[in-house]
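The values are calculated or read from the model by the stated rules, or taken from the named source; none is laboratory data. It should be emphasised that the depicted structure is a prediction, and the values quoted were computed from it without experimental measurement. Note that each Cβ is placed from the backbone with ideal geometry, even for glycine, and that neighbours are counted across all protein chains shown.
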Amino acid sequence: MTELEFSEKYTIDHAQAYYEKHRTGVRRRLSNYLENRMVARALNVAGPVDTILDLPCGTGRFWETLLEQRPKKLIAGDLSQSMLDVAMQHRPEALLDQVECYEMSAFDTGLTDDSVDLVLCMRLMHHLESRGDRLAILGELARISRRYVVVSLWVYGSYQAWRRTRLEKRRPERKYRNRCILASNVFEREARNSGLNVKARLDLLPGISMWRTYLLELTP
Ligand SMILES: C[S@@+](CC[C@H](N)C(=O)[O-])C[C@H]1O[C@@H](n2cnc3c(N)ncnc32)[C@H](O)[C@@H]1O
């Protein structure tokens, strides 16, 4: 199975640090809040859905927001069992009763065609520098979803993207970059090639942040 170099870093220590990172400091807490709001906005545009897959779910940052939509089923998947363990460790039983957790790869989820209404894929795409990897994952998410795929990534066109590009230019050339910014037209073409149309573009902080969340809808 294709796996990515960056995927190996999600050990138990990293998972615990990831969980704490998003709860510490004003800047992190604000971005966590804004990202959750962005997810809620995408779900509102999509309308009611019965089954949601959160992949990769990491330490479950979006579970409370997703459950507010009252789906009949919430499935959470991640390649790292450590991330899943930390996610579960920090949640009350009552919440865990509403989430099914599985170790799974976004390249090959093992789910059947059309098995969920909406897939949420936050903070994975910006780790994929290779077009082939992005198409493979978009294709897999489009295959298992009946209707929507929500994806976040870094796009050009903001102060943060300009600053990051300038920083990258100063860094020595590296064989492998584990994060990248995409031109929105490039990503949108890749989504269309995977059978997904853009229904909404939601920017975390327009003009300032490079985080954008797309609500993509399967082509009828
Ligand atoms: C930056 S974290 C994002 C987690 C979560 N979506 C969030 O926003 O908090 C990236 C996650 O991707 C997971 N991951 C890496 N490669 C993966 C793959 N091929 N399939 C599924 N999950 C993967 C990692 O284990 C990690 O939990």
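Being in contact with a His (Cβ under 9 Å, 6 or more places away or on another chain) and of a type in the set (G, A, S) is true for just one of S145, S82. Which residue is that?
Details: S145 fails: in contact with a His (Cβ under 9 Å, 6 or more places away or on another chain).
Every option except S82 fails the conditions.
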>> Which count do you get for residues in segment 27-60 that are within 12 Å of the ligand (Cβ to nearest atom) and touching a residue at least 40 places away in the same chain (Cβ under 8 Å)?
In response: 11
> Since N178 meets every condition but one in (1) within 12 Å of the ligand (Cβ to nearest atom); (2) touching a residue at least 40 places away in the same chain (Cβ under 8 Å); (3) surrounded by 16 or more Cβ atoms within 10 Å (Cβ to Cβ), which condition does it not meet?
Replying inline: (3)
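For residues in segment 1-26 being free of Cβ contacts under 8 Å to residues at least 12 places away in the same chain and among the β-branched types (V, I, T), which is surrounded by the most Cβ atoms within 10 Å (Cβ to Cβ)? Reasoning before the result, please.
Residues of segment 1-26 free of Cβ contacts under 8 Å to residues at least 12 places away in the same chain: 8-9, 13, 17, 20-21, 23-26.
Retained after the next criterion (residues that are among the β-branched types (V, I, T)): 24, 26.
Working: T24: 12, V26: 7.
Looking at residues that are free of Cβ contacts under 8 Å to residues at least 12 places away in the same chain and among the β-branched types (V, I, T), I get T24.
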>> Just to be sure before I move on: is R29 of a type outside the set (G, A, S) and surrounded by 13 or more Cβ atoms within 10 Å (Cβ to Cβ) in the structure I sent?
In response: no
>> Between a residue in segment 83-98 that is within 17 Å of R23 (Cα to Cα) and touching a residue at least 60 places away in the same chain (Cβ under 8 Å) and any residue that is of a type in the set (G, A, S) and within 11 Å of the ligand (Cβ to nearest atom), which pairs come within a Cβ distance under 8 Å, given they are 6 or more apart or on different chains?
In response: M83/A15; M83/G58; V86/A15; A87/G58; A87/G60; A87/A76; H90/G60
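Each row is one residue, and each column tells you yes or no for (1) among the aromatic types (F, W, Y); (2) touching a strand residue (DSSP E or B) at 6+ places or on another chain (Cβ under 8 Å); (3) in a strand (DSSP E or B); (4) modelled with pLDDT under 95.
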| residue | (1), (2), (3), (4) |
| --- | --- |
| S152 | no, yes, yes, no |
| R177 | no, no, no, yes |
| P206 | no, no, no, no |
| L215 | no, yes, yes, no |
> Quick one: would you say L153 is closer than 20 Å to A42 by Cα and under 17 Å from the mean Cα position of the chain (by Cα)?
Replying inline: yes
>> So V119 ticks every box in (1) at positive phi; (2) touching a residue at least 40 places away in the same chain (Cβ under 8 Å) but one. Which box is left unticked?
In response: (1)
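Could you please find all residues in segment 200-209 being more than 13 Å from V39 (Cβ to Cβ), surrounded by 16 or more Cβ atoms within 10 Å (Cβ to Cβ) and not acidic (D, E)? It would help to see each step written out before you state the result.
Restricting attention to segment 200-209, the residues satisfying the condition of being more than 13 Å from V39 (Cβ to Cβ) are 201, 203, 205-209.
Next, from what is left, pick out any that are surrounded by 16 or more Cβ atoms within 10 Å (Cβ to Cβ): 203, 209.
Within segment 200-209, S209 is the sole residue that qualifies.
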> Pick from segment 11-26 the residues that are part of a helix (DSSP H, G or I) and among the charged types (D, E, K, R): which of them is nearest to the ligand (Cβ to nearest atom)?
Replying inline: K21
>> Tell me the residue from R189, R170, R166, R212 that is of a type in the set (K, R) and buried (at least 17 other Cβ atoms within 10 Å of the Cβ), please.
In response: R212
> For residues in segment 158-175 being at pLDDT below 90 and not in a loop (DSSP other than H, G, I, E, B), which is farthest from R212 (Cα to Cα)?
Replying inline: R170
>> Quick test for you: out of E3, E64, E8, pick the one residue that is assigned to a helix (DSSP H, G or I), closer than 25 Å to E129 by Cβ and within 14 Å of the ligand (Cβ to nearest atom).
In response: E8
> What are the residues in segment 107-150 that are of a type in the set (G, A, S), part of a loop (DSSP other than H, G, I, E, B) and within 16 Å of S194 (Cβ to Cβ), if any?
Replying inline: S130
>> Step by step: first the residues of segment 67-80, then only those that are more than 11 Å from the ligand (Cβ to nearest atom), buried (at least 17 other Cβ atoms within 10 Å of the Cβ) and among the hydrophobic types (A, V, I, L, M, F, W, C), then the one that is farthest from A94 (Cα to Cα). Which residue is that?
In response: I75
